[in-house]
Amino acid sequence: MKFDTPATTNPIDQLKVVGKPTDRIDGPLKTTGMAPYAYERHDALENVAYGYVLGSAIAKGSIKATDVSRAKAAPGVLTVVTAQTAGKLGKGDFNTAKLLGGPDIQHYHQAVAVVVAETFEQARAAAALIKVDYERAKGTFDLASAKDGAPPAGKDNPDTAVGDFDKAFADAPVKLDETYLTPDHAHAMMEPHATIAAWKGDKLTVWTANQMVAWSRGDVAKTLGIPKDNVRLVSPYIGGGFGGKLFIRADVILAALGAKAAGRPVKIALQRPLMFNNTTHRPATIQRIRIGATQDGKITAIGHESWSGDLPGGGPETATQQTRLLYAGANRMMKMKLAVLDLPEGNAMRAPGEAPGLMALEVAIDELAEKLGVDPIELRVLNDTQVDPEKPGRPFSQRKLIECLRTGADKFGWAKRSARPGQVRAGRWLVGMGVAAAFRNNLVMKSAARVRLEKTGRIVVETDMTDIGTGSYTIIAQTAAEMMGVPLHQVTVKLGDSSFPVSAGSGGQWGANSSTAGVYAACVKLREAVATKLGLDPAIAEFSDGRVKLGNQSLPLAQAAADAPIVAEDAMEYGDLTKTHQQSTFGGHFVEVGVDAATCEIRIRRMLAVCAAGRILNPKAARSQVIGAMTMGAGAALMEELVVDKRIGFFVNHDLAGYEVPVHADIPHQEVIFLDETDPMSSPMKAKGVGELGICGVGAAVANAIYNATGVRVREYPVTLDKLLKDMPVVA
Amino acid sequence: MKAFTYERARTPAEAASAAAKDPTARFIAGGTNLLDLMKLEIETPRRLIDVNGLRLDKIEATKDGGLRIGALVRNTDLAADKRVRKDYGVLSRALLAGASGQLRNKATTAGNLLQRTRCPYFYDTNMPCNKRTPGAGCSAIGGFTRSHAVLGTSEACIATHPSDMAVAMRVLDASVETVKPDGVTRSIPIADFHRLPGNTPHVETALTPGELITAVTLPKPVGGMHAYHKVRDRASYAFALVSVATILHKDGSGRVALGGVAHKPWRVEAADSALPQGIKSVSELLLAGAKTTSQNAFKLTLAERALGAAMAQARS
């Protein structure tokens, strides 16, 4: 099915099942520990050996020699695989560095060997016996010093310009010119990358934790040099991904190589201390923002330049992305530069681009508002645009940013905020409020599904879509139930298997809308087949209450499958609506913080997000997505930083004691409001994504609240107390 | 993790004597730190002696009006003990500021004193570390040092001691009771228990090979207002950037010790004497001789400010 004209009324609009705050249907499996996660597929196979990955001890250089003899002789060891013994390996389309290093080493903790043994402990002990003789090479590890002379970010990320930015900025009566720093971030999901691999002849099955089944199946085949048809990838349950599991990592390839060498299934979970340097991360940025405005606050010039770094062949953190679209202004300039850094490879993490981009832009807007002496919400309202500012002929499909900010201001008590910072005291706490706009583009991806009506009337949906904790199972079941006119419990959803039709997968907050649209398409086909079978006109037959009705006729749905199940498969594909209309999601984040007047400890007191993101398919699951994202945004604002040791070239704080993420005590009451909205340009579901919108702008709202509380402006994330101390007045 | 033998000791003296037979031997109680270190092969005992059965889990009154805390009393139980809460509030508060509920349920009084630094370079066996391999060099110096020590450091090591409990014990003038392999017992003042790194940062305490902690004794209550102020980047489950333990009397006299700034809980008796003169004087004496890096210099300002906050808290 092709979606190339705006959606009109369709069965989803009944909202009998879709749009309800439904408990997730996979919840009981998870709360009882019965959901089979990748490392624990006791249901799928037995006699599994354990693999343990050894990471490189240097950041850049080469391996002169590897002695695995002691490891091989260690108790319980079945095999040791290194680049020397692995045979020829390719590299996946979505990987920058090789997943098994040697002789060249590209980054710290790049895998250099895997030990396979009867037990986990034996494999780990033996890995420590491998002696690797390295030759270090000089690397580049410091973005700040690599920044000058860094080339443009490449043809996929061209610079953009409208009007004459330089002149307009020079002429502007009010100017802001500041530089903001965001550090490298780790996904730090609860479940590490984990895989069980098993060979049957030349056919490989991997049970793994992966967000993008089809991409990753292709990359497994490409890396191992085997036909794609010989790879089955299974990933039904995922303990958090946040972009870290969009691609295959060392666990998949080394489990496959280990299993081949050992002649047994092998399981590998990347040990936590390896996660931070072995896998991907959100790259650090240096962002310069210049905004020129008239005295009454109209933006006349807006420029955003961002520098980030990656290994050769990698990509930039696209931190200027939102600035192209968020505010009006006739003269515009966006530039991205990409330095070569020999740190672990950078890649997508929840809202790549916008998350760090808004951490800078939305502080800049706060600063500009103060310069102008206007309320930061009013400044945003004043510079709202309903069209793409680079292509004014291209309207937004929906844009309710102003409503989000106004609603939030009202609910949050924004009017009580003191415009002058450092004025509100509650006991030992200096209290402040901050706001930021949330913005994240809405992406649509082709997505297919297979739907089957069984004899019993049960509907079974199969698609390789993944549920990374988001609620995909539930919204897909809701979609099928709505389309086929059956109650939710009459739908079975099977996900995350490469033997199912290829879906959009989970990433870029495209999963919910795209995957349900694919299920919609398949259900439209199934409805046709069912109606035809029952002798009813498919165009006007109505599916409800487990029956198919037309005029006076009403037949049980199950009757259509009395002889044999009916199967329908289709995909939703997209036409030009994303070109003719800019599709984005919007929100407003409101934060109140307390800053200890003596020690500068920062604690969030209240958070509110107001989101406008099309139809909300399941308000309960969507709320969970947004509060999770707000929590992640709070972490980015206050504590999360992969610290680079610029001498050695690695992230030093590579465990969860060193890389702090928020704990319960850090997160107070969080409120989420969804504006009532449908977007007929997005898909027949009229939905968009919220999982990334929720993090976009949070960091800036926190930073702005800290400024409002203290009068100290910090432009280098995370905003930790040491950065406030020196400028904080001594108070009694 | 390397292979090791495991045994359960029946008496403290037996445990000590068993430990003396192998220089790599380690006692295990709660295991909240040791097991992590063994998995990373930072600790590689050939012999593990389980002391959990030694019945050292009582909190008893001493003859001179103090408290004798068995080495195996769990942090949770110690923090909740009525006598501790009433007379040694700073200790209860320090305990509750540490780790998480689950860890406190396992962690013991002696184990808490013996936990090792959280320096990230210490935890990464690819990085040279004088604590792990004497003479190998210190990777932290010149590297990421935001959480590192500013007082009592050496060219060999700038690690901190991570305990909160020990800071309170220091301000309470606790003493550590031990038994040696030959059965001889002794009492070590807490001030002398933890060592500064010097040239031997791998030697962290005054304990001799095989020597087992049996109890920690608190002198009779000194009264006063007790406060423990722990400053950290997140609200819970994080090590202190700086912590302050204080006992303050109505006449302005009192005691103060700092955590998160040195290889041991940091107390300077002369600084205690300066308390009536105010925070500025106390800080000057307490922080005298500090040696900072660009990343951890903030700890001096923070310590002074945290001290002020703790004093205010104690007075309120």
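Derivation of every value follows stated rules applied to the coordinates shown; laboratory data play no part. Keep in mind the model is a prediction, meaning the values are calculated, not measured. Ideal geometry is used to build each Cβ from the backbone, glycine not excepted, and the neighbour counts take in all protein chains shown.
Add +1 for every Lys or Arg and -1 for every Asp or Glu among the other residues with Cβ under 13 Å from the Cβ of A:GLY353, and state the total.
Computed value for this residue: 0.
On a 19 Å Cα-Cα criterion, which of the cross-link pairs A:LYS723/B:LYS299; B:LYS264/B:LYS299; A:LYS64/B:LYS39; A:LYS2/A:LYS446; B:LYS21/B:LYS180 come out too long?
Those over the limit are A:LYS64/B:LYS39.
Going by amide H atoms built from the backbone, whose H comes under 5 Å of the H on A:GLN398, apart from near neighbours?
Amide H to amide H, under 5 Å and 5 or more residues apart or across chains, A:GLN398 pairs with A:SER584.
What's log10 of I(q)/I(0) for region A:423-465 at q = 0.14, 0.22, 0.33 Å⁻¹, Debye sum over Cα points only, no solvent?
Debye intensities relative to I(0), on a log10 scale: -0.63, -0.87, -1.11.
So which helices of chain B fit the span-like rule, where a helix is a whole DSSP H run, its Cα atoms reach 27 Å or more along the axis, and its mean Kyte-Doolittle is at least -1.0?
none
Whole Å is fine, so just give me how far the alpha carbon centre of region B:83-146 lies from that of region A:408-471.
About 38 Å separates the Cα centre of region B:83-146 from the one of region A:408-471.
Please label the shape of region A:30-132 as rounded, prolate or oblate, based on the square roots a ≥ b ≥ c of the eigenvalues of the alpha-carbon gyration tensor (a/c under 1.5 means rounded; beyond that, a/b larger than b/c means prolate, else oblate).
oblate
Need the C-alpha centroid separation for region A:708-732 versus region A:15-43, integer Å.
A separation of 44 Å, based on Cα centres.
Any idea how far the Cα center of region A:71-135 sits from the one of region A:373-392, in Å?
Using only Cα atoms to place each centre, the spacing works out to 53 Å.
Place a +1 charge on the Cβ of each Lys and Arg in chain B and a -1 charge on the Cβ of each Asp and Glu, then give the dipole magnitude about the Cα centre in debye, rounded to the nearest 20.
It comes to approximately 580 debye.
Test of understanding: what is the full-extension gain from A:GLU178 to A:LEU29, defined as 0.36 nm times their sequence separation minus their Cα-Cα distance?
Contour length minus the Cα-Cα distance gives 48.7 nm.
Could you check the simple spin-label distance between A:VAL387 and A:SER69, using points 7 Å along Cα→Cβ, in nm with one decimal?
Roughly 7.6 nm, to one decimal.
So how strong a dipole does the protein assembly as shown carry about its Cα centre when Lys and Arg Cβ are +1 and Asp and Glu Cβ are -1, to the nearest 20 debye?
1640 debye
Is any helix in chain A, taking whole DSSP H runs, at least 20 angstrom long along its axis by alpha carbon and on average at least -0.5 on the Kyte-Doolittle scale, and which ones?
Result, helices passing both filters: A:354-372, A:511-534, A:619-638.
Would you calculate the convex hull of the Cα atoms in the protein assembly as shown and tell me its volume per residue in Å³?
So the per-residue hull volume is 176 Å³.
Would you mind checking A:LYS30/A:LYS455; A:LYS222/A:LYS267; A:LYS60/B:LYS291 for any pair whose Cα atoms are more than 26 angstrom apart?
Over 26 Å Cα-Cα: A:LYS30/A:LYS455; A:LYS60/B:LYS291.
Beyond 33 Å, what percent of the Cα pairs of chain B remain?
22 percent
Which net charge results for the neighbourhood of A:VAL672, defined as the other residues with beta-carbon distances under 11 angstrom from its beta-carbon, given Lys and Arg at +1 and Asp and Glu at -1?
Local net charge: +2.
Could you tell me which residue out of A:PRO6, A:ALA541, A:SER306 lies farthest along the dipole of chain A toward its positive end? Charges go on the beta carbon: Lys and Arg +1, Asp and Glu -1, centred on the Cα centre.
Checking the options against the dipole of chain A, the answer is A:ALA541.
Which of the residue pairs A:LYS549/A:LYS620; A:LYS155/A:LYS579; A:LYS400/A:LYS620 have a Cα-Cα distance greater than 23 Å in the structure shown?
A:LYS549/A:LYS620
Fully extended, how many nm does the chain gain between B:ALA80 and B:THR24 (0.36 nm per residue separation, minus their Cα-Cα distance)?
16.7 nm
Can you tell which of A:VAL461, A:THR474, A:VAL491 lies farthest toward the positive end of the dipole of region A:439-543, using +1 and -1 charges on the Cβ of basic and acidic side chains (Lys, Arg; Asp, Glu)?
Among A:VAL461, A:THR474, A:VAL491, the one farthest towards the positive end of the dipole of region A:439-543 is A:VAL461.
Would you work out which of A:ILE648, A:MET728, A:GLY154 lies farthest towards the positive end of the dipole of chain A? Charges go on Cβ: Lys and Arg +1, Asp and Glu -1.
The listed residue farthest towards the positive side: A:ILE648.
As a test, work out the antiparallel percent of DSSP beta bridges whose residues both lie in chain A, rounded to the nearest 5.
In chain A, DSSP labels about 75 percent of beta bridges as antiparallel.
Under the rule of at least 5 residues apart or a separate chain, name every residue whose amide H is placed under 5 Å from the amide H of B:THR214.
Amide H to amide H, under 5 Å and 5 or more residues apart or across chains, B:THR214 pairs with B:GLU177, B:THR178, B:VAL179.
Would you grab the residues whose amide H sits under 5 Å from the one on B:THR160? Only those 5+ places off in sequence or on another chain, please, with H modelled 1.01 Å from N.
B:ARG118, B:CYS119, B:ALA149
Given the Cα-Cα distance of A:LYS147 and A:ARG425 and 0.36 nm per residue of separation, how much length would full extension add, in nm?
96.0 nm
Mean projection of the alpha-carbon convex hull of region B:163-316 over all orientations, in nm²?
10.4 nm²
By the scheme Lys and Arg +1, Asp and Glu -1, what is the net charge of all other residues having a beta-carbon under 13 Å from that of A:ALA221?
+2
Roughly how compact is region A:127-262, stated as its Cα Rg over 2.2 N^0.38 Å to two decimals?
1.60
How much space per residue, in cubic angstrom, does the convex hull of the C-alpha atoms of region A:573-732 take up?
Here the figure is 169 Å³ per residue.
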